[in-house]
Amino acid sequence: MKKGSIFVKPRELVVPGTLLVQGPFKNGRGTFREGNRIYSTVVGLVEIRGDLVRVIPLEGPYMPEVGDNVLGKIVDVRFSNWVVDIGAPYEASLRVQDATEERIDIMKTDLRRIFDIGDVIYAKIKAYNEVNQIDLTTRGMPFKGGPLRGGQLVTITPSKVPRVIGKGGSMINMIKKLTNTRIIVGQNGWVWVSGRNGELERLAIEAILKVDRESHTQGLTDRVKEFLLEKLRELKERGVITELPKIDEGKEGGGNDGKT
């Protein structure tokens, strides 16, 4: 890429009118261009991917980006596609050919046997055009692209998703390990939490919402850890769990279930 100037740091909080970059960059959502300079149009966090510059709003609905992995809920089943709510201003569409590797004769097949109204799915944004048509795909996604069974769906501010995940997956892995739950975080701010123990499932949700509320503060990982351990000790005293989970003092490894 040709040389340019960057005036902000990644994840820096900016306000409307802040000069972000100058030079051969592309301006994404939350920005506008004047000549070869790109400015912010919203209060949000700066994100620079290669030569693309965008600002993720701190508030407001999720705005789709091609390639994002999202959680969604089926709200309608039509002749050859499903209508999906992903928390964006516009509903998304999942077509039959993007939902399964199986060859489907839509004249003979009831699509509700694949996905039905109310099902929660994990999908990728395949396309998003200027007329606000959002196309999804579940092909190649975890869980064989099928609906997520059981669990609970909670929502957080989309811009705080990186904080919930943590560096290298550290925050979300810690919550999963201490609560023995499965967690999927969508880039649209929807989070699916599933655990065999209902109390631990609720505890994981409490921890995620705590991160959402306190994402701007320092020392959050340690506070969340202490919060979880205190709650776990209470559960042990009540006989809900028989032992406390082992704590690795080293690095929390891995990442999220699926790409986030």
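Figures for the structure shown
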read-out	value
Cα centre as origin, Lys/Arg/Asp/Glu Cβ charges: the chain dipole, Debye	580 debye
Proximal aspartates and glutamates relative to Lys160, as straight alpha-carbon distance under 19 Å, when same-chain residues fewer than 8 apart are discounted	Glu12, Glu47, Glu59, Glu65, Asp68, Glu206, Asp212, Glu214, Asp222, Asp257
Global form of the range 54-94, assessed from the alpha-carbon gyration tensor, a/c cut-off 1.5	prolate
Prolate/oblate/rounded label for the chain (Cα gyration tensor, a/c 1.5)	oblate
Filter on Lys210/Lys231; Lys167/Lys231; Lys177/Lys231; Lys167/Lys246; Lys176/Lys210 - keep pairs with C-alpha separation over 19 Å	Lys167/Lys231; Lys167/Lys246
Derived scalar couplings ³J(HN,Hα) [the range 157-165; Karplus, 6.51 cos²θ - 1.76 cosθ + 1.60; whole Hz; x for Gly, Pro]	5, x, 5, 9, 4, x, 6, 5, 6
Given charges at Cβ of Lys, Arg, Asp, Glu: the chain dipole, positive-most of Phe115, Ser40, Gly189	Ser40
Most to least packed among 39-52, 62-75 [average Cβ atoms within 10 Å]	62-75, 39-52
³J(HN,Hα) computed for each position of the range 109-123 - Karplus, 6.51 cos²θ - 1.76 cosθ + 1.60, integer Hz, glycine/proline x	10, 7, 4, 5, 6, 8, 9, 10, 4, x, 5, 9, 10, 10, 9
Area accessible to solvent at Ser215, 1.4 Å probe radius, in Å²	20 Å²
Global form of the range 8-57, assessed from the alpha-carbon gyration tensor, a/c cut-off 1.5	oblate
Student exercise, the range 8-57 dipole from Lys, Arg, Asp, Glu Cβ charges, in Debye to nearest 20	100 debye
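The values are calculated or read from the model by the stated rules, or taken from the named source; none is laboratory data. Since this is a predicted model, take the numbers as computed values, not measurements. When we count neighbours, we look across all protein chains shown, and the Cβ atoms used for this are built from the backbone with ideal geometry, even at glycine. For the accessible areas, the whole protein counts, side chains as well, though only heavy atoms, and no ligand, DNA or RNA atoms are used. Shrake-Rupley method; radii C 1.70, N 1.55, O 1.52, S 1.80 Å.
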